[in-house]
Amino acid sequence: MDLLVKLVHDNIQKIMNTFLCKQSKRGVTLIELILVLSIVMLLIGLITVNLSNIYTTSSLNASGDVLINDIKSQQMKAMLGDTERRASADAYGVYFEPDKYILFHGFVYNPSDTSNFAINLEGSLHFNTILFPSSSIIFNPLSGKTVGYVSGQDTVVLKDSSTGKQKTIQINRLGVISNIY
């Protein structure tokens, strides 16, 4: 019995030594390591580029949506006869500058009016083309129609200079946003 135990013990010892020796000789070559790291870096680079394109596109769309909502809000104020604590109902409008737009009241944009509200465009966004008389859209009180509407002068183009993508907003004589492309 002792002989059998000794034989099993020796065999187990040999197997363990063989296994431990094979374990210590395993490894990764430098070429394999460089190849794997190169593939990982390439994938990270591609993901980063794609995510930055998604961000700029979403930024353009979000800013365009906010502008559209602000235009509709100004028209709604004019149609409802919102006085904003003034004596009587007034016209409302949007004045465009290359890097921002200003929400105002009245038939003419007055830069010194303290009730004006400016919205700055973020990052590389700017207004590429503003085809409105006096660079502003003005809505008549109660009707909401655009004041001084001129066919062909009814669009504003929001552009991202880093990607070249743009969003064009067209407004008809009734003050309705007729096209977004």
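Can Tyr101 be described as among the hydroxyl-bearing types (Ser, Thr, Tyr), touching an Asp or Glu at 6+ places or on another chain (Cβ under 8 Å) and outside any loop (DSSP other than H, G, I, E, B)? So Tyr101 passes the test.
Checked against (1) assigned to a helix (DSSP H, G or I); (2) modelled with pLDDT of 95 or more, Cys21 passes all but a single condition, namely (2).
Against the numbered list (1) outside any helix (DSSP H, G or I); (2) open to solvent by less than 30 Å² (accessible area, probe 1.4 Å); (3) touching a Lys or Arg at 6+ places or on another chain (Cβ under 7 Å); (4) not aliphatic (A, V, I, L, M), Gly64 comes up short only at (1).
Residue-by-condition table, conditions (1) at pLDDT below 95; (2) assigned to a loop (DSSP other than H, G, I, E, B); (3) among the acidic types (Asp, Glu); (4) within 20 Å of Phe107 (Cβ to Cβ):
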| site | (1), (2), (3), (4) |
| --- | --- |
| Pro141 | yes, yes, no, yes |
| Gly144 | yes, yes, no, yes |
| Gly148 | yes, yes, no, yes |
| Gly152 | yes, yes, no, no |
| Ser162 | yes, yes, no, no |
| Lys167 | yes, no, no, no |
| Ser178 | yes, no, no, no |
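If the condition is being open to solvent by 70 Å² or more (accessible area, probe 1.4 Å) and in contact with a Ser or Thr (Cβ under 7 Å, 6 or more places away or on another chain), then the stretch 85-124 contributes Glu122, Gly123.
Output the residue which, of all residues in the stretch 147-171 that are among the β-branched types (Val, Ile, Thr) and open to solvent by less than 50 Å² (accessible area, probe 1.4 Å), is nearest to Lys77 (Cα to Cα). If you could, list the steps in order and put the result at the bottom.
Taking the stretch 147-171 first, the residues among the β-branched types (Val, Ile, Thr) are 147, 150, 155-157, 163, 168-169, 171.
Of the ones still in play, those that are also open to solvent by less than 50 Å² (accessible area, probe 1.4 Å) are 155-157, 168-169, 171.
Working: Thr155: 21, Val156: 21, Val157: 24, Thr168: 24, Ile169: 20, Ile171: 17 Å.
Filtering first and then ranking leaves Ile171.
The set of residues in the stretch 132-146 being buried (at least 16 other Cβ atoms within 10 Å of the Cβ) and of a type in the set (A, V, I, L, M) consists of Ile137, Ile138.
Scan the stretch 67-84 for residues that are farther than 21 Å from Tyr181 by Cα, surrounded by fewer than 17 Cβ atoms within 10 Å (Cβ to Cβ) and in contact (Cβ under 8 Å) with a residue 60 or more places away in the chain and the total you get is 2.
The values are calculated or read from the model by the stated rules, or taken from the named source; none is laboratory data. None of these values were measured; they are calculated from a predicted model. A quick note on method: Cβ atoms are made from the backbone with ideal geometry, for glycine too, and the neighbour counts reach across all protein chains shown. When the accessible area is computed, the model is the full protein with side chains, heavy atoms only, and any ligands, DNA or RNA have been set aside. Shrake-Rupley method; radii C 1.70, N 1.55, O 1.52, S 1.80 Å.
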